[in-house]
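*Asks:* Take a look at this one; I'll ask things after.
The values are calculated or read from the model by the stated rules, or taken from the named source; none is laboratory data. Computed from a predicted structure; not experimentally measured. All Cβ positions, even for glycine, are placed from backbone atoms using ideal geometry, and neighbour counts span all protein chains on display. Surface areas here come from the heavy atoms of the whole protein model, side chains and all, with no ligands, DNA or RNA. Shrake-Rupley method; radii C 1.70, N 1.55, O 1.52, S 1.80 Å.
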Amino acid sequence: MKCTVCKGPAVIDVRRHNANFCAEHFLRLCRDQVAKAIKDFTMLQPGERALVAVSGGKDSLAVWDILLELGYQADGLYLGLGIGDYSDTSGTFARAFATERDLTLVEVDLPTDHGFDIPTGARAARRAPCSACGLSKRHLFDDAARRGGYDVVVTGHNLDDEAAVLFGNVLHWQADYLGRQLPVLPARDGFPRKVKPLVRLGERETAAYCVLRGIDYIVEECPMAAGNKHLGYKAALNAVEATSPGTKHDFYFGFLDRASHRFAADAGAEREELRPCATCGAPTTGEVCAFCRLVERAAVPVALGRRR
Ligand code: SF4
Ligand SMILES: [Zn+2]
Ligand SMILES: [Zn+2]
């Protein structure tokens with residue numbers, strides 16, 4: 001197998017591009033794809049301060065590394081979710097990456113700072129773990145960006161993630177979600193801009209990027225993900241991709257080009273007037289924001305549970 005660019009020995013094939021790459025040209029491809037996504041969707045401007053949500057996994061560490069390689073100013077944010085060994089290990093990888101490169105990693109620990117962990121808190125609040133987790137992550141990313149004066153929050157969602165979310169939203173015709181499923185969510189009403197620079201890279205590519213760059217990352221998936229719908233949608237799309245390479249790309253980018261604007265009104269309809277949360281000051285539609293309501297329900301039983 002030869003590199004399509006230089007004809008040297010290739011280390012990876014990317015069937016979607018019908019091409020093979022040596023290490024050097026594969027790393028260049030990854031950087032070029034991220035630079036193209038940033039440019040096409042106006043994600044970042046030179047001089048802006050970015051906060052990368054880092055989980056210790058391949059995607060978030062790859063996007064942090066690529067942004068730095070492309071010359072952007074990017075700090076990391078690690079959220080300790082209190083998910084047993086998984087959280088301990090993922091934190092170790094995130095910290096090691098930052099320390100080895102002398103980078104700034106902001107840390108927020110859900111159990112220490114807010115009095116609950118995801119598994120127990122979700123049970124107490126009668127929510128699915130991923131629902132309590134997603135809500136907490138969104139709130140804490142926004143909050144950390146506001147406090148730190150960052151212009152933009154960067155997440156490591158890749159093409160596989162976005163195609164799977166799109167697939168789920170289409171299967172259930174979630175028009176409001178479809179209206180918001182964009183690689184850039186502009187800043188509004190006290191929320192920072194959110195961007196997904198990895199939308200042009202698949203997860204096999206982000207994993208290969210990390211291996212070739214010598215980036216150690218947590219390989220295990222979060223134990224809470226087992227059996228969730230998102231993994232089912234990914235598996236279904238992988239089966240299609242195996243026989244028709246490029247389908248995921250066409251599905252997601254075709255949606256962005258030709259269909260997403262048709263759902264903009266559905267997303268807009270949800271927009272209510274925002275005011276500061278009475279407890280934490282974050283912008284919210286109600287009196288108290290959803291995160292503070294979760295803390296109210298989850299933190300007390302967890303604390304009592306610990307005392308027993
Ligand atoms: S799988 Fe669910 S619980 Fe685990 S990190 Fe993701 S959203 Fe949170
Ligand atoms: Zn090459
Ligand atoms: Zn609040």
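*Asks:* Report the residue count in segment 16-62 for those that are without any contact (Cβ under 8 Å) to a residue 24 or more places away in the chain and of a type in the set (Asp, Glu).
*Replies:* So the answer is 3.
*Asks:* While we're looking at this one, here's another question. Considering only residues of segment 5-28 that are in a loop (DSSP other than H, G, I, E, B) and open to solvent by 70 Å² or more (accessible area, probe 1.4 Å), which is nearest to ligand 2 (Cβ to nearest atom)?
*Replies:* VAL5
*Asks:* Taking helices (runs of 4 or more DSSP H) that do not extend beyond segment 94-176, which have at least 2 residues that are more than 16 Å from ligand 3 (Cβ to nearest atom), crowded, with 21+ Cβ neighbours inside 10 Å and of a type in the set (A, V, I, L, M, F, W, C)?
*Replies:* Answer list for segment 94-176: 118-124, 159-171.
*Asks:* Right, another one. When ALA235 is evaluated against the numbered criteria (1) modelled with pLDDT of 95 or more; (2) surrounded by 14 or more Cβ atoms within 10 Å (Cβ to Cβ), which criterion, by number, is the only one it fails?
*Replies:* (2)
*Asks:* Shifting gears a bit: For the condition buried (at least 16 other Cβ atoms within 10 Å of the Cβ) and either among the hydrophobic types (A, V, I, L, M, F, W, C) or at pLDDT below 90 (or both), what is the one hit in ALA267, ALA278, ALA303, ALA259?
*Replies:* Only one candidate passes the filter, namely ALA267.
*Asks:* Right, next: Is there a residue being assigned to a strand (DSSP E or B), of a type outside the set (S, T, N, Q) and more than 16 Å from ligand 3 (Cβ to nearest atom) anywhere in segment 56-68?
*Replies:* no
*Asks:* Is there any pair linking a residue in segment 109-132 that is over 15 Å from TYR86 (Cβ atoms) to one that is modelled with pLDDT under 95 and not in a helix (DSSP H, G or I), with Cβ under 8 Å and at least six apart or on different chains, and which?
*Replies:* From residues that are over 15 Å from TYR86 (Cβ atoms), the pairs are ALA124/PHE116; ALA132/ALA125.
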